[in-house]
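See below for the structure under consideration.
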Amino acid sequence: MSGSRQYPDDPSGPFPAPPTTIEDREDRPIEIRAVGSFAEGALEDVVEMYLAFDPADRAQGIPPTGESRIRNWLETIGEDSVNVVASHDGDAVGHAMLVPDTDDPSAIENNAEIEWELAIFVLQAYQQAGIGTVLLENLLGHAAEIGIERVWLTVERWNNPAIALYERVGFESTGTESFEQEMAILLDPEG
């Protein structure tokens, strides 16, 4: 069921997995946790984060703007997605997710060799503090723990900080189309 994307020959990792707490570069305590389908109030925390997100930093139309659109987007992707949230003082400040690149529920349930698309967002006031790196590594560590192997993403070609982050953790460039750079990583579910 694997798609036509190219993946690196060698897997990357191992990566840490949540839960974990770090101090960011601003000496703020940041809690990283996995959330299952936005259970236990996580949906409200993440909706609040996206309401505070500067629309100028949206990429490829996400996150959407407006509470009802944000809530609908999260509820739609949340059913089968893998989510990790970064929080400071109880408020979500970062969210990373993997969304299955299939509409076949049995493929997801059986964790067939499907591909997962990655998206990550960190509130502007928390960017450049190391949170994105830790959030991404913990998402990949959690994904490997649950057997996910193939992860891909697209990023705007001029978003050099994001591309550098993805390369640091092991993503490799797999192609470009107009304004987007596609990147992929192969995870090692053993480690």
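Give the residue that is farthest from ALA86 (Cα to Cα), with candidates limited to residues of segment 4-40 that are open to solvent by less than 40 Å² (accessible area, probe 1.4 Å) and modelled with pLDDT under 90.
Among residues in segment 4-40 that are open to solvent by less than 40 Å² (accessible area, probe 1.4 Å) and modelled with pLDDT under 90, the one farthest from ALA86 (Cα to Cα) is PHE38.
Where residues in segment 61-118 are assigned to a helix (DSSP H, G or I) and open to solvent by less than 10 Å² (accessible area, probe 1.4 Å), which of them is modelled with the highest pLDDT?
The qualifying residue modelled with the highest pLDDT is ILE70.
Is there a residue in segment 119-142 that is more than 18 Å from LEU43 (Cβ to Cβ), assigned to a loop (DSSP other than H, G, I, E, B), touching an Asp or Glu at 6+ places or on another chain (Cβ under 7 Å) and modelled with pLDDT of 90 or more?
yes
Just one of the numbered conditions (1) open to solvent by 40 Å² or more (accessible area, probe 1.4 Å); (2) part of a strand (DSSP E or B) is not true of GLU167; which one?
Evaluating GLU167 over (1) open to solvent by 40 Å² or more (accessible area, probe 1.4 Å); (2) part of a strand (DSSP E or B) leaves (2) as the failure.
Residues that are surrounded by 21 or more Cβ atoms within 10 Å (Cβ to Cβ) and among the aromatic types (Phe, Trp, Tyr): does segment 153-164 have at least one?
Checking segment 153-164: not a single residue is surrounded by 21 or more Cβ atoms within 10 Å (Cβ to Cβ) and among the aromatic types (Phe, Trp, Tyr).
The values are calculated or read from the model by the stated rules, or taken from the named source; none is laboratory data. Predicted, not measured: the structure shown is a model, and the values here were computed from it. Cβ coordinates were reconstructed from backbone atoms using ideal geometry, including for glycine residues, and neighbour counts include every protein chain displayed. We work out accessible area using only protein heavy atoms, side chains counted, and drop any ligands, DNA or RNA first. Shrake-Rupley method; radii C 1.70, N 1.55, O 1.52, S 1.80 Å.
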